[in-house]
Every structure is written in C-alpha cells, then in structure tokens.
Amino acid sequence: MTAEMFTLGREPASYPGSQPESGYGSSRPAAPGTPRRIRSPVTLVSVGLVLAALVALGLLLLRHGPKEPADGGPSGALTSPTAPATPKRQSLRDQMPPGVRIGSAVDGRSLSLDPAYRDLLGSEFNAITAENAMKWRSLEPVPGVYAWTGADQLVEFAERHGQAVYGHTLVWHSDVPKWVSPDWPAERVRAVLQEHVTAVVSRYRGRVWAWDVVNEVLDEDGSLRDTVWLRKLGPGYIADAFRWAHAADPGARLFINEYGIEGRTRKADALVKLVRELRRAGVPVDGVGFQSHLRWDQQPRDLLGNLRRFADLGLSVAVTELDVRIALPATPQKLERQAAVYRQVLQACLAVPACVSFTVWGFTDARSWIPGYHRGYGAACLFDTSPAPKPAHAALLDELRRHSARGGIVPSPG
Ligand code: XIL
C-alpha cells in the first residue's frame, strides 16, 4: 500500500521515502573520450597505493558489514523496508484497507539504536506515534530551550517510510516540565501553554497528520480532571488549546484522547457531552482517541456502540494506544484470549467508517511500558521479546484478510 492510497486526512505533499536517497544518484559516468591523465611513474605508484587501500577497505567492510547510518534510518540497506529484497511474510500495513491506518507508538531509544526494531516498525505500520518524544517535558526541559532531536528523528523516519505521524500530546497533566509552576498567576500559565502548543504544532506544520491536543482531561466520574490547567485557567483551556493548535496548523486533525471510554462508562458519557458542547461552540475538534489499555481477561463492553456514538456526532474516532496486558506468566491460553481482545478492537474499528486509525502502544514486549506501570502484568504487545509475532498478530492479520475477502463490507450485528 502506498501513502497515496489513503483517502482520509491530509498527507504531506510527498514522502522523501519515495525519492532516491540523496548521494546515491549523483555519480555520472565520465564523458566518452575523456583524456587519460596517468603520465609519470610517480603517478602510477600513487594509483597503485590508492587501489591497494581500496581493496583493504573492501575486505574490512566484508568482514564487519555496513555501518549503521547515524540518522536512525533503515539498517544500512539501500532498499526500503517496504520493498524488501527477499520475500517476507505479509505485514499488517499491507493488509489494511485504504482509509484506516495501522500505527504503533515508538520508543525513541530503540528507534535510534536498534535496526531490527526499525525494520519491523517500517514494515508493519503506516503510522507512528511518539511514545514520549513529543511530550512537553521531553521537548522543552529548560524554558525556551527546545530539544527537538528525538521528535525530528521520528518525523524523518516516518517520511522515509511512507508513514503518517500521529502527534502525542500537547496538553496533559502529566509530563509537564518542572519549571512550569502552579504558583504562577493565571496569565503566565496561559501564556506558556499557548506558546508551547503553538511552537510544537508550528514546527511540524504539514508533517503531522493528527494531534492529541488534550489528553486525559476527564476523571473516572466524568468530571473535568483537577489539573493545573483547570485550576488556573478554568474549563475554557480545552477549547483554547484546540484553537491554538488549529491556528498553528489548520490542516492537522485534532483529537481529544482519553482512556477508560472503551466501555459504557460515566467517563464515556461525559466525553460525549463534552465534545458535543465543544462542537456546538465551533471549537475545531475533529476526533476522539480511544487509548484502549486493556486486559487479556476483559473484553470491553460495547466498544463498537461506543465508537458509533462518537461517530454519530460527526467526529472521527481512532484507537490510539491499544495494548492488552496479561497477568504474568503468559500461558498459551492467555495469549489466545489476548489475541481475541486485539481482534475485537480491530473488528470494531473496521466496522465504523469514521474509525481512521488503529494504533498499538508499542509493538514488542521488549519495549513496553506495561511491566513498569502495572505490577505483575506484561506480554501486552503483538510481538514477543525476540521479537517474534504472537497469536495477537496472527489474529489481526486474519481479521484483515476476512475483512478484505468480504470486500470491506462489515456484517451488521443486527
Ligand atoms: C507512557 C509511556 O508509555 C511511558 O514510557 C512513560 O513513562 C509514561 O507515559 N497514556 C498516555 C501515554 O497517553 O502517553 C502514556 O505513555 C500511557 C498512558
């Protein structure tokens, strides 16, 4: 599948990944009849030495293999991972229907250091989300001093691999840099928040497909979460954040992202109300992100119905952070149940035309946030630590094949 096949959302005008790599296309053969310049014995000796050096260099390269490119690109191969030299098994991105992206969160360290990680990321997914690199604390550790490198690397990787970037996240109560003080007067808090949203969205204008503008603004009971933003700025900070983001990149799709809304929860009901009000007030909210941090032993109740009620408001919906954690140890039975949960979420997304992307929160158990945050749980991803595909990966592929065999038509549950 090529980037051009997507029908929803806006794509960057062209992906550098589809262009020849700079530096490889510039050598021109010498014009015929170019006079030979070797004249003296001294010159012949020098040529001999140069040739010997080249042979030695060639032997060295043969022994140690090509070096990793410093830019975190594909593993030194001149072919793109989307056009591998040897036939590979079918990847998820190959099977996705047009109009629905398949994404993964990206661990910045692995992106820089691990060629196998990069290969899988490039071949399996056509969208990527920064797991941490675009959070405020990563981007602006010191006031006014931006650290763009990690986020830039991710965006460049995406462009080389024909992937869309899902930006995560502009306004959150967590990962705010320490220098933002809750003791500041409201005007100052508002000014730094506006500056942050504007700086980040402007930098990636036209290159980030969608942004999580606000993340986790609701409490479990459906009230607005008590955060520094709410306390200082009142509930209007949400609308403001969307307006600032829209002003900085009118082409980006703007999402409100939340967890615990996959079932019929009070939070989900409250979110329906909130986005309806925002839309009525003309706030540029385009979609709702369902984080979907789920468990192997609990199928979310009525995910499909829930996606639909947001879609009925005229919004896009997206699965933004899916993982399915298992109480360790992971047994074959638990892995099968996990696969069923992954499949169920994909089924629900495919059944709702407004569902524009399906993103997993990391694809390998070797690099998942789950063991660090949910004690006793793990094995939450599509690939194990090797990384080899797990039953959940096979279930997604199978579901995609069935979907395509039906011509993309989803049977109505009645
Ligand atoms: C998590 C990352 O995965 C961790 O690496 C980090 O230490 C904490 O944040 N909801 C979100 C994500 O919106 O940003 C969180 O990501 C997981 C929960």
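Odds and ends about this structure:
- Taking 1.002 mPa s as the viscosity and 20 °C as the temperature, the Stokes-Einstein diffusion coefficient of the range 180-226 based on its alpha-carbon Kirkwood radius rounds to 166 µm²/s.
- In the complete set of protein chains, residue-level accessible area for HIS293 is approximately 40 Å², probe 1.4 angstrom.
- The range 182-266 - convex hull of alpha carbons, volume per residue in Å³: 92
- The distance between label points at ARG402 and ARG137 comes to 4.1 nm (points 7 Å beyond Cα on the Cα→Cβ vector).
- Label-point separation in nm, ARG280 to LEU224, each point 7 Å along Cα→Cβ: 1.6
- Using the Cβ-Cβ distance between TRP179 and ALA394 with R0 set to 51 Å, the FRET efficiency from 1/(1 + (r/R0)^6) comes to roughly 0.60.
- About its Cα centre, the dipole of the range 247-295 is roughly 240 debye, where the only charges are +1 on Lys and Arg Cβ and -1 on Asp and Glu Cβ.
- Working note: Karplus 6.51/-1.76/1.60 with θ = phi - 60° gives the range 335-346 the couplings 5, 5, 5, 4, 4, 5, 5, 4, 4, 4, 5, 5 Hz, where Gly and Pro are set to x.
- Largest accessible area first, the listed residues LEU139, LEU230 line up as LEU230, LEU139 when surface is computed with a 1.4 Å probe on the assembled protein chains.
- Top positive-direction residue, dipole computed over the range 285-347 with Cβ charges, set PRO329, VAL317, GLN347: PRO329
- Counting only protein chain heavy atoms and rolling a 1.4 Å probe, the accessible areas of LYS390, LYS232 rank, largest first, as LYS232, LYS390.
- With the convex hull of the Cα atoms taken as the outline of the range 300-414, the averaged projected area works out to 7.8 nm².
- Lys, Arg +1 and Asp, Glu -1 on Cβ, resulting dipole of the range 110-196 about Cα centre, debye, nearest 20: 220
- In the range 165-237, a dipole from Cβ-located charges (positive for Lys and Arg, negative for Asp and Glu) runs towards its positive end, and of LEU193, GLY222, TRP172 it is LEU193 whose Cα lies farthest in that direction.
- Solvent-accessible area per residue for the range 347-414 (1.4 angstrom probe, square angstrom): 44
- For the range 100-105, 3J(HN,Hα) computed residue by residue from phi via the Karplus equation (6.51, -1.76, 1.60; θ = phi - 60°) reads 10, 8, 10, x, 9, 5 Hz, glycine and proline entered as x.
- The range 240-321, dipole about Cα centre (Lys/Arg Cβ +1, Asp/Glu Cβ -1), debye to the nearest 20: 300
- The heavy atoms of ARG264 offer some 110 square angstrom of accessible surface to a 1.4 angstrom probe.
- Heavy-atom SASA rank of GLU156, GLU187 (probe 1.4 Å, accessible area, largest first): GLU187, GLU156
- Label-zone membership for the range 215-254, site LYS273, 7 angstrom Cα→C-beta point, backbone N under 20 Å: 215-227, 230-231, 234-240
- Across all directions, the shadow cast by the convex hull of the range 192-338 built on its C-alpha atoms averages 10.0 square nanometres.
The values are calculated or read from the model by the stated rules, or taken from the named source; none is laboratory data. Here the structure is a predicted model, which is why all the values come from computation and not from measurement. Virtual Cβ from ideal backbone geometry, glycine too; neighbours counted across all protein chains shown. Accessible surface areas use protein heavy atoms only, side chains included; no ligands, DNA or RNA. Shrake-Rupley method; radii C 1.70, N 1.55, O 1.52, S 1.80 Å.
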